[in-house]
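The values are calculated or read from the model by the stated rules, or taken from the named source; none is laboratory data. Because the structure is predicted, anything quoted here is derived from the model rather than measured. Backbone-built Cβ (ideal geometry, glycine too); neighbour counts: all protein chains shown. We work out accessible area using only protein heavy atoms, side chains counted, and drop any ligands, DNA or RNA first. Shrake-Rupley method; radii C 1.70, N 1.55, O 1.52, S 1.80 Å.
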Amino acid sequence: MTQNLALIVEDDPDLIEIFSRILKMLKFSVEKISSGSEAVAYLAHAEPALILLDLNLPEVSGRDILYKIRLDERLKHIKVLLVTADIVNVRPLSQMADGILIKPIGVQELRQTINELFPTNQDSA
Amino acid sequence: MNFINWMYLPYMLPFLVAGIFALILALYAWRRRFLAGAVTLSVMALVVSVWVLGYAFEIGSIELSGKVFWGKVQYLGIVAAPVTWLIFILQFRGYTRWVTWPRILAMCVIPAITVLLVWTTARHGLMWQQVSLDPTGPFPALTVEYGGWFWVHWAYSTLLVMLGIVLMIDLLLRSVHIYRWQAGLLVAAAFAPWLANAVYIFGLVPIPNLDLTPLAFVFTGAVFTWSLLHFRLLDLKPVARRTMVDVMSDGVFVLDTAGRIIDINRAAQKIIGLDESDAVGRTGTGVLSQWPQLLAHVRKTVDNESIEIALPDSAGNTRHYDVRITPLFNNGGELSGRIVAMRDISDRKQMEMALSEARDAVVQASRFKSELLARVSHELRTPIGAILGYVELLQIGAYGPVVADQVDVMNKVIENTGYLTQLVNELLEQSQFDEGKIRLNPQPFVVADLVSRVQAKMSVLAQAKNLEFSTQISPDVPTEMVGDEIRLQQILINLVNNAIKFTEHGEVALQIYLPQPDTWAIRVSDTGPGISAQAQTHIFSPFWQVDGSITRRHGGAGLGLSIVKNLVTLMGGQIQVESQMGQGTVFIVTFPLAPFLDIELALSEISVPHQPSI
């Protein structure tokens, strides 16, 4: 597990920019990936501490990635926050995720959620 | 052999002609034997022809022995004619059930003895005691002195003929006016042989020794055959039914077991495109060949069956028919034919199709609306997220320092983004309800946690308007209950948010309590302007808003209470509103106390052993 490494898996460049700004404020180093298959390839050799995972992704869906993570001994301790606009389909996944954030996501909401998951990462803002 | 030794005499001519005519009648009737009674008529014409031709040859024979031979031949017809006559009348009157083979054979006993005795009369004289030639007339005639059995035969034959006549007169008296003359003609035809025979027996013939009885029988047969073919003689009885069947709008035809059309009404003639005279007697296969589907059904039907088929009409348009096929059984229980009734249901069918199309269109439109709402709501979330994220980042100085005025503007952007988000949420919720996609996820939850979360979220809004917001949980409310916590929170936030939105002064209170032991309730009260009685009937309808200006200022699509009501109903609860203008508003939501407790209760009851009574 790489301390303070956060992975953003999101296909909207604006949201990637916003999430990455917030994560950097929270002292995370940020890796940005915009497709499901790239995320799978990345996780084959990396172990971030936190993943912001969009459900609706090209190629491999966020749901499949979540399953992979939770079934993998090496990855299953990673904190995963589901980030989605799909209110309906995200609910069944709530047990497997460390949190669900429904778009649109406010800065305060995201910061608060991450602060709760990583009490030691002090907010810089 | 003197019976072939004969000469032509002019007196023979009418009998020869009549005999040949009777033979033609027999053949004619036989070829129409599918018509009821035609077989009997055919046999009758045949036996009469034997009689008439035999008599013709008797006249023409020169010698006594020839005349005697032909006299004996005639008896084959003479004895059979009254029997066939009575059978025909019985059938005609509808006593077909009575006419059975054993009875027909019984009726033939005396005629058979008569034939036997006439051929052996030279030995015993029971029929003819003496035969001689009478040369006094215009031709040498056979004269006989009748023996004892002759009078038995004569009485029997007369009895049969009279019985027939009586039955016909009875019919004449009963028949419907329009058929009376026809029945009268038939009675007259029935009288003819009897009259002619009486005239002959009593020697009143203008030409001495000429027996006109066989000629009269030919006349009778001709009248009957003509009636049978032109008036459907045997259909006389059910006149009303016949008329009804003929004028009804449903097409009806009858097929015999060989598949021939034996009856057809006007409507069916129109459907099939054939006149009655063209259709009757033709096989259904020939007439209905262009409708194999109908034919197949008709052929295999042995029980009442109703089918719907589509057939092209003469203009080539498709018509829909409700076809009812009813098998006909004779008295022996054998299949004897089928009635096919066709009702034109094209108009009904068309209406059904139009209705079905309209319904499909409405369903499709509704589904499209729901899909559109869901998609729009989904697609709006990402850009709204970007707006909100960037503005909030700007506001906290992530892109450099901002001045106070800019912060105010950013707050307004954030505030409006919040309304936009609420709108998007409501649209999605509504579409989910419309599609029946909302599923509840009931879990045990801690009531106090739920209420404190609502308080935390809502007190900010209340404070901003200087309103007091209080929450209270009655002590008798269970600590834990079962329900969809997220949906319950949605209901609470919606009601409290509404109360705060419309209240300018005073307080908003949220209360959880048990109005009854098996019911728990949410009560949200405010000191706002109240809702008029008229408005109260609408507030739970989608897209309805109390006041356009207030709602626009506060955001939302007017779906909040509609969604609350839908959720409450889905959870098996009820929502009601109590309000008077200027007196504030109270919303009360009641739910049955969750099965969570009931299950515990039930388990505890089961585990307690039954107390023995003292």
Open item on the list: I'm checking my understanding of the structure. Among residues of region B:433-458 that are touching a residue at least 60 places away in the same chain (Cβ under 8 Å) and within 11 Å of another protein chain (Cβ to nearest Cβ), which one is nearest to the chain's Cα centre (by Cα)?
Closed with: B:E435
Open item on the list: Taking the condition of being assigned to a helix (DSSP H, G or I) and surrounded by 19 or more Cβ atoms within 10 Å (Cβ to Cβ), how many residues in region A:57-85 meet it?
Closed with: 4
- [ ] Output the residues belonging to region B:6-21 that are open to solvent by 40 Å² or more (accessible area, probe 1.4 Å) and either hydroxyl-bearing (S, T, Y) or in a loop (DSSP other than H, G, I, E, B) (or both).
- [x] B:M7, B:Y8, B:P10, B:Y11
Open item on the list: Looking at B:A398, B:A386, B:A365 in this structure, which one is among the small types (G, A, S), at pLDDT 80 or above, not assigned by TED's automatic domain parsing to the domain that holds B:A464 and not in a helix (DSSP H, G or I)?
Closed with: B:A398
TODO: Output the number of residues of region B:428-446 satisfying the condition of being in a helix (DSSP H, G or I) and surrounded by fewer than 19 Cβ atoms within 10 Å (Cβ to Cβ).
DONE: 1
Task: Of the criteria (1) open to solvent by less than 40 Å² (accessible area, probe 1.4 Å); (2) within 60 Å of the chain's Cα centre (by Cα), which one B:L173 fails - done: (1)
Task: Condition check for B:V564: modelled with pLDDT of 80 or more, open to solvent by less than 30 Å² (accessible area, probe 1.4 Å) and touching a strand residue (DSSP E or B) at 6+ places or on another chain (Cβ under 6 Å) - done: no
- [ ] Could you check, for region B:420-428, whether at least one of its residues is within 14 Å of another protein chain (Cβ to nearest Cβ) and under 26 Å from B:M481 (Cβ atoms)?
- [x] yes
Open item on the list: Take the conditions under 18 Å from B:P383 (Cα atoms) and of a type in the set (S, T, Y) and apply them to A:T84. Does it pass?
Closed with: yes
TODO: Those residues that are more than 60 Å from the chain's Cα centre (by Cα), surrounded by 13 or more Cβ atoms within 10 Å (Cβ to Cβ) and more than 12 Å from chain A (Cβ to nearest Cβ), I need them from region B:366-410; list them, please.
DONE: B:V402, B:V407, B:V409
Task: Failed criterion for B:M458 (all others in (1) open to solvent by 20 Å² or more (accessible area, probe 1.4 Å); (2) under 25 Å from B:I500 (Cα atoms); (3) assigned to a helix (DSSP H, G or I) hold) - done: (1)
Task: Matching residues in region B:316-369 - criterion: being more than 21 Å from B:A258 (Cβ to Cβ) and of a type in the set (F, W, Y) - done: B:Y321, B:F368
Task: Leading residue by the ranking (surrounded by the fewest Cβ atoms within 10 Å (Cβ to Cβ)) among those in region B:22-66 that are charged (D, E, K, R) and in a helix (DSSP H, G or I) - done: B:R31
Task: Filter result (over 11 Å from the mean Cα position of the chain (by Cα) and not in a loop (DSSP other than H, G, I, E, B)) within region A:40-56 - done: A:V40, A:A41, A:Y42, A:L43
Open item on the list: Please pick out the residue among A:I100, A:I51, A:I69, A:I65 that is of a type outside the set (D, E) and within 12 Å of chain B (Cβ to nearest Cβ).
Closed with: A:I100
Task: Given (1) in a strand (DSSP E or B); (2) under 29 Å from B:L427 (Cα atoms); (3) among the aliphatic types (A, V, I, L, M), number of the condition B:I491 does not satisfy - done: (1)
Open item on the list: Against the condition in contact (Cβ under 8 Å) with a residue 12 or more places away in the chain, over 25 Å from B:S49 (Cβ atoms) and open to solvent by less than 50 Å² (accessible area, probe 1.4 Å), how does B:G147 come out, does it pass?
Closed with: yes
Open item on the list: If the requirement is being open to solvent by 20 Å² or more (accessible area, probe 1.4 Å), at pLDDT 75 or above and of a type in the set (A, V, I, L, M, F, W, C), which of these qualifies: B:F191, B:F224?
Closed with: B:F191
